[in-house]
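Below: one structure, written as structure tokens.
The values are calculated or read from the model by the stated rules, or taken from the named source; none is laboratory data. Keep in mind it's a predicted model, so treat the numbers as computed, not measured. Every residue, glycine among them, receives a Cβ derived from its backbone with ideal geometry; neighbour counts consider all protein chains shown. The area values use the complete protein model at the heavy-atom level, side chains included, leaving out ligands, DNA and RNA. Shrake-Rupley method; radii C 1.70, N 1.55, O 1.52, S 1.80 Å.
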Amino acid sequence: MKFGVVVFPGSNCDDDAFHVTHHVLGQQAEFIWHQSEDLAGSDVIIVPGGFAFGDYLRTGAIARFSPVMRSIEKFASGGGIVLGICNGFQILLEAGLLPGAMIRNAGLRFRCLPVHIRVEATDTPFTCATQLGQVIQAPIAHNEGNYFCDPSTLDALERNNQIIFRYTTLDGREDAAANPNGSVANIAGICNRERNVLGMMPHPERASEIELGSADGFVVFQSLLQWFTQHGSGAVDSQAAQTAATALRV
């Protein structure tokens, strides 16, 4: 299995993503410079955290126009698996690969702390090794992590089971105190309708080794490897995923 880790000017979690996928997970990994349109035969693309282009204009607004994004859009539209973490989530929103937008944190402060997120769906390449309702501890570090969408979009996300992670307490309860940035419906991560593109604000790569205080986040990368082992490099079967999602809701 091969991971492609995109590097923008200002990326600062690219090395972390490379380390986890290559040295901890034990898979191939390669950096992909933002000006390249060659995804180097990657099975999974990671758009990492950081401050692409200094977060000028809006987070992800300039990175969205980098040449690599054209290839990522084609890759995703063909069913390729894409994971956007923090700034990567912001870039995927700006590129239209995921619905909604990021705005300034409630309280207008940069938040950097460990949080708890609850797994809301297990029928994705990113969560297939998790349990429904499992609570994961991982850190956040962002200034614009307040996920926003209009009521109709939120309704669609709920209806299609596209909310993959929510901020909760340690014991899995949703409340305002557990929401570190004001995100609507405590949303910490969402996927597209086809379930092959995920954006999440917490950093699983920073919680993949016990020496870092939590290895909970490693399950995201274990899920990707499990999915690849079972399905190979083929596109995500969105119809089967939707059927599974429906079964989970019933």
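Overview of values
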quantity	calculated
Unique match (being outside any strand (DSSP E or B), open to solvent by 10 Å² or more (accessible area, probe 1.4 Å) and among the β-branched types (Val, Ile, Thr)) among 124, 153	153
Residues of the range 1-53 classified as open to solvent by 30 Å² or more (accessible area, probe 1.4 Å) and among the polar types (S, T, N, Q), total	5
Qualifying position, being modelled with pLDDT of 95 or more, hydrophobic (A, V, I, L, M, F, W, C), under 21 Å from residue 208 (Cβ atoms) and surrounded by 19 or more Cβ atoms within 10 Å (Cβ to Cβ), among 117, 187	117
From 138, 156, 121, residue being closer than 23 Å to residue 106 by Cα and either out of contact with any helix residue (DSSP H, G or I) (no Cβ under 8 Å at 6 or more places or on another chain) or not polar (S, T, N, Q) (or both)	138
Selected residue [open to solvent by less than 40 Å² (accessible area, probe 1.4 Å) and part of a strand (DSSP E or B)] from 140, 91	140
Condition check for residue 100: small (Gly, Ala, Ser) and open to solvent by less than 10 Å² (accessible area, probe 1.4 Å)	no
Hits in the range 190-230 (condition: assigned to a helix (DSSP H, G or I) and open to solvent by less than 40 Å² (accessible area, probe 1.4 Å))	204, 205, 207, 218, 219, 220, 221, 223, 224, 227
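Here's the yes/no breakdown for (1) farther than 16 Å from residue 196 by Cβ; (2) outside any loop (DSSP other than H, G, I, E, B):
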| position | (1), (2) |
| --- | --- |
| 45 | no, yes |
| 59 | yes, no |
| 68 | yes, yes |
| 75 | no, yes |
| 97 | no, no |
| 114 | yes, yes |
| 117 | yes, yes |
